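Since the structure comes first, as structure tokens, the remarks are kept for the end.
Just so it is clear, none of the values below were taken in a lab; they were calculated from the coordinates. Treat the numbers as computed from the prediction; the structure is a model and nothing was measured. Because the Cβ atoms are built from the backbone with ideal geometry, glycine has one as well, and the counts that use them run over all protein chains shown.
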Amino acid sequence: MVTSTLRAADRPASEPQCDARNRSLSSPEDRMPAINLHEKLATFTEHWQPRVVGQFNGHDLLVAKVKGEFVWHQHDDTDDFFLVLHGRITIQMQEGNVTLGPGEIFVVPKGVQHCPIAEEEAHILLIEPTGTPNTGDASTAAPRRVI
């Protein structure tokens, strides 16, 4: 196998260049701040009240503090993504329960009835299409809050 290394000086000026020593974007208006989830979670105390911390491709990135049992619900049009950041949660489903700890992910398939529960406070990251009601029903959902 023959490989060649193209030096930055050999690249056309129109091609973007990455300098490993300086990973910042080219201009201040292009820079996007990192999102510190720990800091975002420290701004509220309510359980089962997700907060939007970012967006991408029509999806909200949300953090939530959870404790106790949520309501049984389903999302007819979308899967439900859970990533545990701190603590433990159990996602109850008719098909069987799934217990998650820090760093673990589970995706509830669309249309599946489920009820998250946390015996002690836990912190989670959710990814949902923008506007998805957390209860599966807009009339009973928590209001959309951006922090």
note = When restricted to ALA64, ALA142, ALA118, the only residue of a type in the set (A, V, I, L, M, F, W, C), in contact (Cβ under 8 Å) with a residue 12 or more places away in the chain and part of a loop (DSSP other than H, G, I, E, B) is ALA142
ask   = In region 128-147, what count of residues is obtained for those that are buried (at least 19 other Cβ atoms within 10 Å of the Cβ) and under 22 Å from ASN36 (Cβ atoms)?
value = 1
query = What about GLY111, is it surrounded by fewer than 16 Cβ atoms within 10 Å (Cβ to Cβ) and either part of a strand (DSSP E or B) or hydrophobic (A, V, I, L, M, F, W, C) (or both)?
reply = no
ask   = Before we move on, is GLU128 outside any loop (DSSP other than H, G, I, E, B), under 15 Å from the mean Cα position of the chain (by Cα) and closer than 21 Å to VAL52 by Cβ?
value = yes
inquiry  = Scan region 40-49 and tell me whether some residue there is surrounded by 14 or more Cβ atoms within 10 Å (Cβ to Cβ) and without any contact (Cβ under 8 Å) to a residue 60 or more places away in the chain.
reply    = no
